[in-house]
Amino acid sequence: MNKGLILIVDDEQRLVRSMQIVLESDDYSIAKAYTGQDGLNKAQELEPDLILLDLRLPDLSGIDVLKQLRLRHIVTPVIMLSAHGDIKVAVEAVKNGAFDFISKPFDINELKLLIQRCLERQRLDSEVSYYRNRALSSSLIGQSEGMVRLQDQIARVAGSSAKTILLQGPSGTGKTAIAREIHNQSNFAEGPFIEVNCASLPEQLLEAELFGAEKGAYTGADKKRSGLVELASDGTLFLDEIGEVSLAIQAKLLTFLESHSYRPVGGGREHKANVRVVAATNLDLATAVQSGNFRSDLYYRLNVMPIDVPTLQQRRQDIPMLLEHFALTMAAKEGSAPVLLGIEVAAMLQDYGWSGNIRELKNLMERLTILYPGEEIELDMLPPEMQSLVVVSTKTETLQSLPATIEDQLASKEKRIIQQALEDAGGRKGLAAEELGISRHAFKRRLQKLGID
Ligand SMILES: Nc1ncnc2c1ncn2[C@@H]1O[C@H](COP(=O)(O)OP(=O)(O)OP(=O)(O)O)[C@@H](O)[C@H]1O
Ligand SMILES: [Mg+2]
């Protein structure tokens, strides 16, 4: 009985041949590739059950191949073959999703055992994945330390009796998404999730919007109207941008949060409210308190259950997964094929600053999906402001404070770096490209662009 197809990607042909002989006699089928690129192509074409992947290949590093596999939506399990002394890199590979690694020279029986374990695990995984997908219903993507901690906090506060939760983090980090997630995992999940952007309404309207108004309470209030607090009954009220609320409304919110009751605008009787409030802000409320723009008592009330949402920079490890996620979801939305990210592009995007956080990343993938459906994205397809960061960002320069003629400065810096690399490599372009961590192709294109001979 055939036990499955194994793709071996390794440039040591003799080693590959001996593995082939042993594994074939053990009823596996074998496919071989001697370069990373060929490995990627065969992984895509042949859909093997398992990949044995060397860490050092002539064209690409094993880690790059691994990342590329994931970016091409190939989820075949991978066992890394590492040379003695490469343990650190091998561990990094496992962090990047490899099943395990084995150090060369290895005992072939040990390898066989590892293969068996890997395939067995794969089988179990696909059996339980249906249940696991249901359990892991969280819509939030990411497995970095920061994200795991966040998911843990979400689960804790969602299930707690806390009536007030505060989300703090810069724009685009996912506060709204987290608020929804807290709602979905909570006892209030059957109730409504009502979202209010506190910054978008003038003071009086916001008060009426939240707490409702009696007829005639203000000009234009021609009938009694209920507020969002009432609408959110037995559910979650999400107060976005709470840092923007005026001091007068802050006082009313404090009363509401402390007594769980409120009065509509224009008097009327006191109403009880059973809602959980999740508030969010991208301001630093502690500072706002110091400068007198935010009531300290409201701050302390909100701060009982605070969650600090990490920026994308603080959880860079999640970037490949997020890129993959948005490549797929945007393609589904557009009804097109997902874009593929080339190695340089993927590396560059992982280093990029992402000051707009997940929203910026999502917008980029949307743009690429619309412009280049199904295509492999190269550096020159990225928005110009990103492209100009590429070479420099892989070296040690920082770009924060460059003055106006940024394009020119970048070009001349890029030129210097490239000329230096060429010089160091004794004029050998391949070597210089490798030193800079870019492909030969991209290197040549740069030479042309910058007019270097
Ligand atoms: N962990 C995540 N996994 C997948 N998608 C995410 C994640 N976090 C955020 N998103 C998506 O990224 C986008 C931006 O997130 P969101 O609107 O929640 O950010 P925000 O912090 O509320 O920003 P703002 O402060 O500007 O309101 C949304 O489309 C959201 O669905
Ligand atoms: Mg938001």
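Note down the Stokes-Einstein diffusion coefficient of the range 311-387 in µm²/s, whole number, using a Kirkwood radius over alpha carbon pairs, 20 °C, and 1.002 mPa s.
Rounded, D is 175 µm²/s.
Over the Cα atoms, compute the radius of gyration (one decimal) and Dmax (the largest Cα-Cα distance, rounded to a whole number) for the range 1-66, in Å.
11.3, 36
What would the Debye equation give as log₁₀ I(q)/I(0) for the range 61-218 at q = 0.08, 0.12, 0.19, 0.20 Å⁻¹, counting only Cα atoms as equal point scatterers?
-0.45, -0.78, -1.25, -1.30
Enumerate the whole-percent occupancy of each 10 Å bin, from 0 to the last occupied one, for all C-alpha pair distances of the range 145-308.
11, 40, 35, 12, 2, 0
Using the C-alpha atoms of the chain, what convex hull volume per residue, in cubic angstrom, is computed?
Details: hull volume 88.0 nm³, N = 453.
Spread over its residues, the Cα hull of the chain gives 194 Å³ apiece.
Excluding residue 186 itself, what net charge comes from residues whose Cβ is under 14 Å from its Cβ, given Lys and Arg +1 and Asp and Glu -1?
Computed value for this residue: +1.
Given the Cα-Cα distance of residue 103 and residue 14 and 0.36 nm per residue of separation, how much length would full extension add, in nm? Intermediate values should be presented prior to the final figure.
Details: separation 89, 0.36 × 89 = 32.04 nm, distance 1.66 nm.
So the extension gain works out to 30.4 nm.
Can you compute the FRET efficiency between residue 41 and residue 269 using 1/(1 + (r/R0)^6), with r the Cβ-Cβ distance and R0 = 60 Å? Round to the nearest 0.05. Please report the intermediate quantities before stating the final value.
Working: r = 73 Å, r/R0 = 1.22.
Calculated value: 0.25.
Measuring from the lowest to the highest alpha carbon on each principal axis, how far does the range 404-453 reach, largest first, in angstroms?
34, 20, 19
Considering only the chain, what is the antiparallel percent among its DSSP beta bridges, to the nearest 5?
Percentage antiparallel, nearest 5: 10.
Tell me the GluC sites (Glu not before Pro) within the range 144-223 that lie in a loop according to DSSP and have at most 14 other beta-carbon atoms within 10 Å.
190
Please compute, over every Cα-Cα pair in the range 5-135, the percentage with a separation greater than 22 angstrom.
The answer is 31 percent, as a whole percent.
At a Cα cut-off below 27 Å, give the lysines reachable from residue 175, other chains included and same-chain residues fewer than 8 away excluded.
Correct list for residue 175: 95, 163, 252, 333, 362.
Mind jotting down a quarter of the surface of the convex hull over the alpha carbons of the range 149-200, in square nanometres, one decimal?
The number I arrive at for the range 149-200 is 4.0 nm².
Report, in deg cm²/dmol and to the nearest 500, the calculated mean residue ellipticity at 222 nm for the chain, where each DSSP H run with n ≥ 4 adds -39500 (n - 2.57) and the sum is divided by the residue count.
-15000 deg cm²/dmol
Place a +1 charge on the Cβ of each Lys and Arg in the chain and a -1 charge on the Cβ of each Asp and Glu, then give the dipole magnitude about the Cα centre in debye, rounded to the nearest 20. Kindly include the intermediate steps, with their values, before the conclusion.
Working: 51 positive and 62 negative charges, 163 e Å.
It comes to approximately 780 debye.
Just the C-alpha atoms of the range 205-299: what Rg/Rh do they give, with Rh taken as the Kirkwood radius?
Answer for the range 205-299: 0.99.
With unit charges on the beta carbon (Lys/Arg positive, Asp/Glu negative), name the residue among 355, 245, 103 whose Cα is farthest towards the positive pole of the charge dipole of the chain.
The residue sitting farthest along the positive end of the dipole is 245.
Which FRET efficiency value, to the nearest 0.05, do you get for residue 360 and residue 445 by plugging their Cβ-Cβ distance into 1/(1 + (r/R0)^6) with R0 = 25 Å?
0.45
Among 5-13, 249-257, how do they line up from the highest to the lowest mean number of other beta-carbon atoms within 10 Å? Don't skip to the end; give the middle numbers.
Details: 5-13: 19.8, 249-257: 18.2.
Put in order of decreasing packing, that is 5-13, 249-257.
Just add up the charged neighbours of residue 254: K/R +1, D/E -1, any other residue whose Cβ is under 11 Å from the Cβ of residue 254.
My count for the surroundings of residue 254 gives +1.
Bear in mind these aren't lab numbers, they're just calculated from the coordinates by the rules spelled out. Just so we're clear, the structure is a prediction, and the values are computed from it rather than from any experiment. FYI the Cβ positions are ideal-geometry reconstructions off the backbone, even for glycines, and counts take in every protein chain you see.
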